[in-house]
Amino acid sequence: MPRPYRVLALLIAAQAVVQSVAAGFFAGSLYLWIVTDGAEGVGDRSALRALPGEGPVMALDRMVLDSAERWLSGGTALTVHRITELWVAPILAVALLTAPRAWRRTAPVAGAVGLQWLTGLAAGTVPVAAALHELAAFAVFVTALAAAGLVRRRPATLAALVGAAVVASAMALAAAAVGVAAYVTDSRAVVYSTIVERVAGAGYPVHMLLALAVIPLLALVSRRAVVVLAALAYGALAVLAEYSPWAAAGLQLTGFVVLAAVLWPSPGAGRASGSPAAP
């Protein structure tokens, strides 16, 4: 593939990272608002007293709006996410499809970008769509790296399991975050500090189990230092993400780092197998 098209493929991979990291920052901002004073006392029934002619939801909405700046700071990140996903990625994908005699590499990228675009239409309100949207982001990342010629061979089984676990963890977290966001923005009668545990469903505990136990253990067994370090960083950021939007953004970024480390061939892999790397 000519060099300009390789650059396009790398830009597509980069946009997948950018839009996922931006969404992570927004979700982290929302979570921080919930577990701090933004929602403190709102669960108290005395806080739901309305003025004459107002229902409790209207009274609650006023309190939510008064403290909304605590999490709307993530709104800029959400804007970046949407622009990257809805405009930048499709334009780059169409440009990549013009690469001469490279449709076997470029078609999967375009397909993954299309899936990312379609799932993004409902990802803000439907947890399942959010999970598929996160899966599409990783698919764009992997296929774009492959189109650029940076994925030389299939990873070892254990390394592949680490990558699959990271993708599953990110999907579970995306579903949980969208479930919480939909609850908060749907004029619910009560918002409380334990909303993540009560509303997010199985997504959040599944994410934490994978991030803190499964991924590090699989990485340790794989014996690849870069994979182990990236996996341990992923687990640490999964804990810190509960307290900082920046850590939540870093968690998303580290997920892509883990996947890249899994896909990148280990030094001497070709020599050990006695065969050259695939072109």
Inset, instruction - State which residue is surrounded by the most Cβ atoms within 10 Å (Cβ to Cβ) when the search covers only segment 132-149 and only residues that are closer than 21 Å to Ala176 by Cβ, free of Cβ contacts under 8 Å to residues at least 60 places away in the same chain and of a type in the set (A, V, I, L, M). - result: Ala136
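Somewhere in segment 106-124, is a residue open to solvent by 40 Å² or more (accessible area, probe 1.4 Å), modelled with pLDDT under 90 and either not hydroxyl-bearing (Ser, Thr, Tyr) or not in a helix (DSSP H, G or I) (or both)?
Yes, because at least one residue in segment 106-124 is open to solvent by 40 Å² or more (accessible area, probe 1.4 Å), modelled with pLDDT under 90 and either not hydroxyl-bearing (Ser, Thr, Tyr) or not in a helix (DSSP H, G or I) (or both).
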Inset, instruction - Among the residues of segment 144-162, count how many are more than 11 Å from Ala260 (Cα to Cα) and not in a helix (DSSP H, G or I). - result: 6
Inset, instruction - Could you list, in sequence order, all residues of segment 219-275 that are at pLDDT 90 or above, polar (S, T, N, Q) and over 20 Å from the mean Cα position of the chain (by Cα)? - result: none
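Restricting to segment 230-268, and then to whatever is outside any helix (DSSP H, G or I) and open to solvent by 50 Å² or more (accessible area, probe 1.4 Å), can you tell me which residue is farthest from Val166 (Cα to Cα)? Working first, answer last.
Taking segment 230-268 first, the residues outside any helix (DSSP H, G or I) are 241-244, 264-268.
Then keep just the ones that are open to solvent by 50 Å² or more (accessible area, probe 1.4 Å); that gives 243, 264, 267.
Values: Tyr243: 21, Trp264: 16, Pro267: 23 Å.
Only one residue tops the list, namely Pro267.
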Legend entry - Filter result for Val214 (modelled with pLDDT under 95 and of a type in the set (A, V, I, L, M)): no
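Considering only helices (runs of 4 or more DSSP H) fully contained in segment 1-78, which possess at least 3 residues that are modelled with pLDDT of 55 or more and touching a helix residue (DSSP H, G or I) at 6+ places or on another chain (Cβ under 7 Å)?
Ranges flagged: 3-35.
Kindly provide the set of residues from segment 203-229 that are open to solvent by less than 20 Å² (accessible area, probe 1.4 Å) and touching a residue at least 60 places away in the same chain (Cβ under 8 Å), ordered by number. Even if it seems obvious, please write down each step before you answer.
Quick first cut of segment 203-229, residues open to solvent by less than 20 Å² (accessible area, probe 1.4 Å) only: 203, 207, 211, 215-216, 219, 227.
Selection gives Gly203, Val227.
The values are calculated or read from the model by the stated rules, or taken from the named source; none is laboratory data. All values reported here derive from a predicted model rather than from experimental measurement. Every residue, glycine among them, receives a Cβ derived from its backbone with ideal geometry; neighbour counts consider all protein chains shown. We work out accessible area using only protein heavy atoms, side chains counted, and drop any ligands, DNA or RNA first. Shrake-Rupley method; radii C 1.70, N 1.55, O 1.52, S 1.80 Å.
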